[in-house]
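Working notes, structure below.
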Number of protein chains: 2
Amino acid sequence: MATLQVPAYVPAPSEDAEQLRHAFEGWGTNEQLIIDILAHRNAAQRNLIRKTYHEAYGKDLLRSLDEELTSDFERAVVLFTLDPAERDAHLVNESTKRFTSSNWVIMEIACTRSSLQLFNVRKAYHALYNKSLEEDVAHHTKGDYRKLLVPLVSTFRYEGEEQEVNMSLAKAEAKILRDKISDKEYSDEEVIRIVTTRSKAQLNATLNHYNTAFGNFFNKDLKADADDEFLKLLRAAIKCLTVPEKYFEKVLRQAINKVGTDEWALTRVVTTRAEVDMVRIKEEYQRKNSATLEKAIARDTSGDYEKMLLALIGAGDV
Amino acid sequence: MATLQVPAYVPAPSEDAEQLRHAFEGWGTNEQLIIDILAHRNAAQRNLIRKTYHEAYGKDLLRSLDEELTSDFERAVVLFTLDPAERDAHLVNESTKRFTSSNWVIMEIACTRSSLQLFNVRKAYHALYNKSLEEDVAHHTKGDYRKLLVPLVSTFRYEGEEQEVNMSLAKAEAKILRDKISDKEYSDEEVIRIVTTRSKAQLNATLNHYNTAFGNFFNKDLKADADDEFLKLLRAAIKCLTVPEKYFEKVLRQAINKVGTDEWALTRVVTTRAEVDMVRIKEEYQRKNSATLEKAIARDTSGDYEKMLLALIGAGDV
């Protein structure tokens, strides 16, 4: 469930566009007004505002935001304003240009979006960058990381409603996983095949059977070598595919509890999940940390950036 | 260009559906009437006929065709009547259940369809089989074949109009291909990456540069081991990606010149290309064989099956 709060009465897109134009004009920017509008409209509404703004003022709204705002606040507003598919395409593109730790962002997007959403990200990538998402991911990775990430971003998992789990397949593939893990063949093609092509429901059944049959969680067995970076990424992928709220809770916890908040991650998770499953992520955060996510964010951030994040997670000022 | 011939005046779908119903009724089936209708309607028209038929008679047209027709003629009519995306999904599904030579059909569909067409095949696969195309392909292949085929069916290559070829990339990747081939590392991850993720235009530039820089066609260098089945498949993939009409000409030639025609392949190529590029394939056939494809097909097939194929390649009776 989303934490995004859209008012009962939503002004016409032209009115919102005009208000935003006012917020940019004159001496100083009216940040509160920007938050009041953009942090309280859904994706379809934001798209319409952007379109109307462009028609009225001959300029992309994102361009104006870029000129008027700065730093973490700017990134939060711009990322949230973007259409979800474009936003993800942008995040992946950014990740292919940064250090290897950004493999996590690529994995996160590939594993926590629905099949059709992920395909829409690939379509948006074509339109924005005149190349394909998977060719950039493949070009900028190698070895085991490429072997895992390219199929993850290219897959179109089955997720229809009539999904019946095939239990004999689940048992057979749990056994395959067990054998490969016992032999420490973590990046074996069979492990990759099962993780990257099976539907989430089927994979879940396989992992449940793994737990029942072998007395251990698959992800626990993958902890054999706690410092292995590839294993960490593989474990995170499994988490994203099966219990995304737990994955996001951990990213948020680590971003906030770091010496010096990791605004990059904090902004990404809040802007990409506010309209999706932030309610569950907040519950998970409270359960794990005995404190609300609102308080944690309020303690660690400040100013307009803080206000924007709190608005997106449905808190208002704390 | 398509060889499919649609008459200037096309009856309403309800009229076509009624005529087909008549063709099935009574003593014996009116095969000529079935050909006159179904072999002369485009995909959108055939879909409408199928829909109208179902509404009027409470039965899928394909089901009726299946009951009334037999053997090669049935397969040709049914395959052509299917929506192109469903047809390809059906062909891939069939291939994952047959012998390894059917890897060629999977490769052919992955490499000769446009990016969006291939994605529509994957969507149709979900709807028809309640699982994903790539999970079946991955499950039914292994080793080098899997390594090549899974990314081939999963890719969404860039093919926008604003496609600019990156020449320095083409040079760099031609060099990579050359190095790997010289070391006989034909299934190296870099070779696979270049062949499976780059746009067709970019790949073409890379292969052209390969030819210029190293004095040999890439595909000729891949002939080092003429009996290697994986190398044959890789060469065919390159051909499908760059000169599909030459690939299809060869499939037709081999299907026809075999001792005992290979109707399976003949029907597949004619029904899948009649609405796409059969004009070019016919030209290529005539150039290579100093005989028309019409004559070759007429010599090797007979009866309603012959009539159906000739109608699809725009020949009428010969």
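Once both labels are positioned 7 Å from their Cα atoms along Cα-to-Cβ, the gap between A:Lys288 and B:Tyr9 label points is 7.2 nm. By the helix-only formula, in which each DSSP H run with n ≥ 4 contributes -39500 (n - 2.57) and the sum is divided by residues, the protein assembly as shown has a 222 nm mean residue ellipticity of -21500 deg cm²/dmol.
Averaged over the residues of A:125-135, the number of partner chain Cβ atoms lying within 10 Å of the residue Cβ comes to 6. With chain A treated as a Gaussian network of Cα nodes joined by springs under 10 Å, which of A:Asp36, A:Asp228, A:Asp66 yields the largest mean-square fluctuation? Highest fluctuation among the options: A:Asp228. Summing +1 for each Lys or Arg and -1 for each Asp or Glu among the other residues whose beta-carbon sits under 15 angstrom from that of A:Thr212 gives +2. On a 0 to 90 degree scale, rounded to 10, what angle separates helix B:303-312 from the longest Cα axis of chain B? Its long axis makes an angle of about 60 degrees. Distance between the 7 Å Cα→Cβ label points at A:Lys51 and A:Gln254: 3.9 nm. Shape class of the range A:244-312 from the Cα gyration tensor (axes a ≥ b ≥ c, square roots of the eigenvalues): rounded, since a/c falls below 1.5. Ordered by the count of other Cβ atoms within 10 Å of each Cβ, fewest first, B:Asp136, A:Asp277, A:Asp16 give A:Asp277, B:Asp136, A:Asp16. Between A:Leu79, A:Thr3, A:Met107, whose Cα lies farthest towards the positive end of the dipole of the protein assembly as shown when Lys and Arg beta carbons carry +1 and Asp and Glu beta carbons carry -1, centred on the Cα centre? Farthest along the dipole direction, towards plus: A:Met107.
What aspartates and glutamates could a cross-link reach from B:Lys97, if we take a straight Cα to Cα line under 15 Å and drop same-chain neighbours fewer than 8 places away? Cross-link targets: B:Asp88, B:Glu134, B:Glu135, B:Asp136. Here A:Ala226 yields copy-to-copy label distances, from shortest upward, of 6.0 nm, the label point defined as 7 Å from Cα along Cα to C-beta.
Shown here for the range A:30-130: trypsin sites (Lys or Arg not before Pro) in loop regions (DSSP other than H, G, I, E, B) with at most 16 other Cβ atoms within 10 Å, namely A:Lys59, A:Lys97, A:Arg98. Other residues whose C-beta falls under 10 angstrom from the C-beta of B:Ala124 contribute a net charge of 0, scoring Lys and Arg +1 and Asp and Glu -1. Build a GNM of chain B with springs between Cα atoms under 10 Å apart, and of B:Ala205, B:Ala172, B:Ala255 the one that fluctuates most is B:Ala172. Based on Cα contacts under 8 Å between residues 6+ apart, chain A shows a relative contact order of 21 percent. A point 7 Å from Cα along Cα→Cβ stands in for A:Asp179, and the other copies hold the same point at 3.6 nm, listed in rising order. Note on B:Ser168 and B:Lys184: the model spin-label points, each 7 Å out from Cα along the C-beta direction, lie 3.6 nm apart. Ranked by how many other Cβ atoms sit within 10 Å of their own Cβ, fewest first, the residues A:Lys250, A:Lys180 fall in the order A:Lys250, A:Lys180. If R0 is 51 Å, the Cβ-Cβ spacing of A:Lys223 and B:Lys232 corresponds to a FRET efficiency of close to 0.70.
Between 0 and 90 degrees, the angle of helix A:103-112 with respect to the longest Cα principal axis of chain A falls at about 90 degrees. For the range B:221-291, run through the GluC sites (Glu not before Pro) and keep only the ones in DSSP coil with at most 12 other Cβ atoms within 10 Å of their Cβ. Passing both the DSSP loop test and the Cβ count: no residue.
Sparse packing (at most 11 other Cβ atoms within 10 Å of the Cβ) combined with a DSSP loop state is found for the following chymotrypsin sites (Phe, Trp or Tyr not before Pro) in the range B:1-60: B:Tyr9, B:Trp27. Helix A:278-289 and the longest principal axis of the Cα set of chain A meet at an angle near 70°.
A simple count of charges around A:Lys246, restricted to other residues whose Cβ falls under 12 Å of its Cβ and scoring Lys, Arg +1 and Asp, Glu -1, yields +2. Checking the cross-link pairs A:Lys171/B:Lys59; A:Lys131/A:Lys220; B:Lys200/B:Lys223; A:Lys220/B:Lys232 against a 32 Å limit on the alpha carbon distance flags A:Lys171/B:Lys59; A:Lys131/A:Lys220; A:Lys220/B:Lys232 as lying beyond it. Closest approach to the axis carrying A onto B, counted by Cβ on chain A and given in whole Å with its residue, is A:Ser154, 2.
Placing a label point 7 Å from the Cα of A:Val259 along the Cα-to-Cβ direction, the distances to the matching points in the other copies come to 8.0 nm, shortest first.
With a threshold of 21 Å on the Cα-Cα distance, the over-threshold entries among B:Lys51/B:Lys307; B:Lys180/B:Lys250; A:Lys180/B:Lys147 are B:Lys51/B:Lys307; B:Lys180/B:Lys250.
Computed from the coordinates by the stated procedures, all read-outs in this text should not be read as laboratory data. Note that the structure is predicted; figures quoted are calculated from it, not measured. Using ideal geometry, Cβ is built from the backbone for each residue, glycine included, and neighbour counts are taken over all protein chains shown.
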